[in-house]
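The values are calculated or read from the model by the stated rules, or taken from the named source; none is laboratory data. What you see is a predicted model; the values in this text were computed from it and never measured. Using ideal geometry, Cβ is built from the backbone for each residue, glycine included, and neighbour counts are taken over all protein chains shown.
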Amino acid sequence: MNSGTARAHAAMVDARLRGTLKTRYDGIKPIAELGGKMCHVLHRDSQIPEEDGQTHLMLCFDVDTLLQLGAVVHAGDELVATYYFRDVVLNPKFEQGRFSMDRLK
């Protein structure tokens, strides 16, 4: 999740430096694909397609954790990819020995 957010941020910084950054914040909305979870929704449009052809990116950030839980990527009118992280558990509890050397044998 962090890598995707870092790549999106780096692309936005590059676009800003080129003077082509265009973003829109849609506010806090329920995201159906995330079970109605409330997210900050941010859109980025590229006037010139990115290296990979991307022209539109929608990002969804959880209002509670601010983690990126969703991304939708378009190249022109074509849907390229959707990513939704539905079952994120921060700091889960694991039973004793879950990551022991014995389990690796």
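What to note about this one:
- Only one of the numbered conditions (1) closer than 20 Å to Leu90 by Cβ; (2) in contact with a strand residue (DSSP E or B) (Cβ under 7 Å, 6 or more places away or on another chain) is not met by Ser3, and that is (2).
- Every pair of residues 6+ apart whose Cβ atoms lie under 7 Å, when the first sits in the stretch 63-92 and is without any contact (Cβ under 8 Å) to a residue 24 or more places away in the chain while the second is aliphatic (A, V, I, L, M) and surrounded by fewer than 15 Cβ atoms within 10 Å (Cβ to Cβ): Val73/Ala81
- Count - residues of the stretch 65-87 that are out of contact with any helix residue (DSSP H, G or I) (no Cβ under 7 Å at 6 or more places or on another chain) and closer than 14 Å to Met38 by Cβ: 3
- Taking the stretch 5-100 and the strands (runs of 3 or more DSSP E) fully enclosed by it, the elements with 2 or more residues that are charged (D, E, K, R) and surrounded by 14 or more Cβ atoms within 10 Å (Cβ to Cβ) are at 37-46.
- Ala81 passes every criterion in (1) at pLDDT below 90; (2) under 18 Å from the mean Cα position of the chain (by Cα); (3) not hydroxyl-bearing (Ser, Thr, Tyr) apart from (1).
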